[in-house]
1. Among the GluC sites (Glu not before Pro) within region 99-192, which fall in a DSSP loop and have no more than 14 other Cβ atoms within 10 Å of their own Cβ?
2. Helix 232-243 versus the longest principal axis of the chain: what is the Cα-based angle in degrees, 0 to 90, to the nearest 10?
3. Find me the longest stretch of the chain that has none of the exposed chymotrypsin sites (Phe, Trp or Tyr not before Pro), where exposed means in a DSSP loop (not H, G, I, E or B) with at most 12 other Cβ atoms within 10 Å.
4. Carbon and sulfur: what percent of the chain's accessible surface (1.4 Å probe)?
5. Name the long-range amide H neighbours of Val249: under 5 Å, sequence gap of 5 or more, or other chain; modelled H, no Pro or chain starts.
6. Go ahead and estimate [θ] at 222 nm for the chain from helices alone: -39,500 (n - 2.57) per DSSP H run with n ≥ 4, summed, over the residue count, rounded to 500.
7. Take a quick pass over the chain and tell me how many lysine pairs come in under 24 angstrom between Cα atoms, counting only ones 8 or more apart or on separate chains.
8. Work out the FRET efficiency for Ile82 and Ala446 from their Cβ-Cβ distance, taking R0 = 35 Å, and round it to the nearest 0.05.
Amino acid sequence: MDGLDSLAVHERRVARDLALLGLPPANWPATVAGPDGEPALDVLVVGAGMYGVVAAGALLLKGVRNIQVVDRAPEGLEGPWITYARMETLRSPKHLPGIPLGIPGLTFRAWYEARFGMAAWEGLYKIPNADWQDYILWVRRMLDVPVRNGVSVLRLSPGAGMVAATLATPEGERVLHARRVVLATGRAGTGGAAIPPGIDPSLFPALAAHSAEAIDFTRLRGRRVAVLGAGASAWDNAATALEQGAAGVEIYARRPFLPQINKGRGSAHPGFFEGWAGLPPEEKWRLLVYMADLQSPPPHETVLRTLRHDGFRIHFSTPITGARREGRAVALTMPEGGRASADFLILGTGFVVDAARIPELAGLAGQIASWGDRHAPPPEARRPELARFPWLGEGFELEAREPGACPGLSRIHLFSHAAMASLGAIASDIPGASIGAERLAQRIAAHLFREDIAVMRGRLEAFAEPELESTPFFVPAAFQRG
Ligand SMILES: Cc1cc2nc3c(=O)[nH]c(=O)nc-3n(C[C@H](O)[C@H](O)[C@H](O)COP(=O)(O)OP(=O)(O)OC[C@H]3O[C@@H](n4cnc5c(N)ncnc54)[C@H](O)[C@@H]3O)c2cc1C
């Protein structure tokens with residue numbers, strides 16, 4: 001049996017497991033009309049990356065089936081994995097279950113063994129990016145997640161009972177109404193690329209790029225490349241540039257040495273995932289500050305991959321205070337008059353988390369509560385970049401800065417790394433994904449049920465399946481009084 005045959009066998013097994021578990025249940029929420037008179041969606045999920053797929057999967061498995069997922073990327077190109085993630089394999093270990101939502105057959109390992117065989121699994125060191133992308137697409141297919149690719153959400157406008165989403169579709173702009181919206185727009189969707197002050201915007205795109213952009217590395221052949229930042233993406237880009245023939249790559253890092261320990265991995269267990277939400281804000285803040293100050297090291301494989309090349313240098317304790325065009329090159333400035341030059345600049349500086357800078361929420365900037373609004377840490381623990389994290393409800397709901405000031409705001413659920421401060425790492429990386437999705441779906445199902453209680457009660461009252469008809473104790477409805 002070849003890989004595709006054995007995958008087909010496996011798929012039948014997964015379908016049977018789902019049937020044995022009675023999943024997915026029939027749709028149960030009430031049908032609610034939007035302001036246009038058309039039935040509204042119960043949930044619109046924005047983003048069909050790993051988190052969008054697992055969120056939608058979890059909702060379907062709760063019988064919330066009137067949902068739609070949209071992604072602006074073409075099918076197969078969602079998220080970073082085969083677009084701007086320039087590592088050779090995932091940074092995570094291979095044995096993470098993936099996004100199985102509690103179904104063993106939906107784990108990465110089950111898919112991989114079915115597709116490539118047990119021996120291949122045994123021989124696998126870490127997961128190649130393209131396999132991870134294929135796996136996410138496969139889970140999407142197995143759970144029948146309704147996705148429309150090539151559709152962007154431009155704007156979200158919450159109101160009483162409904163959120164209006166303005167979409168750009170291949171057929172033109174249109175407005176869709178949904179009772180709840182899940183923003184699963186990824187790392188790049190939490191406020192945009194972090195661009196340090198002093199970087200001249202006119203350098204982009206000819207002489208500079210952020211690591212999350214498409215970069216034509218063939219153009220950098222024989223050129224000198226400067227990279228700002230020393231995290232995993234900075235190193236991935238340095239290695240890629242060298243492999244593609246850059247003459248030299250120099251990383252500039254503010255720190256005197258690389259972070260040594262990945263505390264994220266040390267906290268990737270159900271205690272942190274399930275327990276974080278219930279911690280008092282002071283305790284969450286202490287942990288956030290501790291992890292933010294320590295930062296995470298790049299994976300050792302990435303460092304070794306970079307060091308295989310001549311022409312690599314890293315400058316520690318070297319902050320870059322400015323970058324501007326000088327002829328056909330980039331002039332970099334440092335404190336105390338230090339200077340350097342490069343032919344191209346790559347910013348491996350990560351992403352901002354700031355709900356006020358999320359484009360889909362632009363009309364709501366200033367109304368969304370952040371940690372800075374709700375929590376006042378002692379002076380030594382103040383961190384402006386953490387204070388900008390949104391303050392979310394227990395089901396990832398946005399909250400209004402002034403309670404009651406923005407009806408419907410809490411109908412938008414931020415299911416991304418922006419939830420880290422409020423709910424822990426259950427919408428950030430792979431390990432917390434199933435736990436985060438379960439929490440999200442459970443809370444959304446509960447909201448819908450509460451809102452639909454009149455319909456639920458009406459349906460219950462109309463439910464009239466006679467249990468005892470075949471027994472001597474059957475009493476027809478008309479005779480049941482008294
Ligand atoms: C370079 C890189 C490497 C990583 N490696 C690892 C790793 O090895 N292990 C790990 O655990 N984590 C890793 N992560 C962290 C995390 O797992 C990934 O960011 C992962 O992609 C998160 O999934 P997501 O679904 O939240 O976001 P994404 O995968 O980024 O998906 C978001 C989707 O939303 C779509 N979208 C955005 N805005 C809109 C809009 N307005 N309308 C329609 N669609 C929209 C995008 O097109 C995209 O497809 C990595 C992150 C990055 C950036």
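1. Sparse-neighbourhood loop GluC sites (Glu not before Pro): Glu171.
2. Helix 232-243 sits roughly 60 degrees off the main axis of the chain.
3. Value returned for the longest uninterrupted segment is 258-462.
4. Working: 12770 of 22920 Å².
Ligands and nucleic acids excluded, carbon and sulfur reach 56 percent.
5. Long-range HN contacts for Val249: Val225, Phe312, Arg313.
6. Details: 15 runs with 144 residues, N = 482.
So the helix-based figure for the chain works out to -8500 deg cm²/dmol.
7. Values: Lys94/Lys126; Lys94/Lys263; Lys126/Lys263; Lys263/Lys284.
Counting lysine pairs in the chain gives 4.
8. Details: r = 37 Å, r/R0 = 1.04.
So, using R0 = 35 Å, E works out to roughly 0.45.
The values are calculated or read from the model by the stated rules, or taken from the named source; none is laboratory data. Quantities reported herein were computed from a predicted structural model and do not represent experimental measurements. Neighbour counts run over all protein chains shown; Cβ positions are idealised from the backbone, glycine included. To get the accessible areas, we keep the full protein, side chains included, count just its heavy atoms, and leave off ligands, DNA and RNA. Shrake-Rupley method; radii C 1.70, N 1.55, O 1.52, S 1.80 Å.
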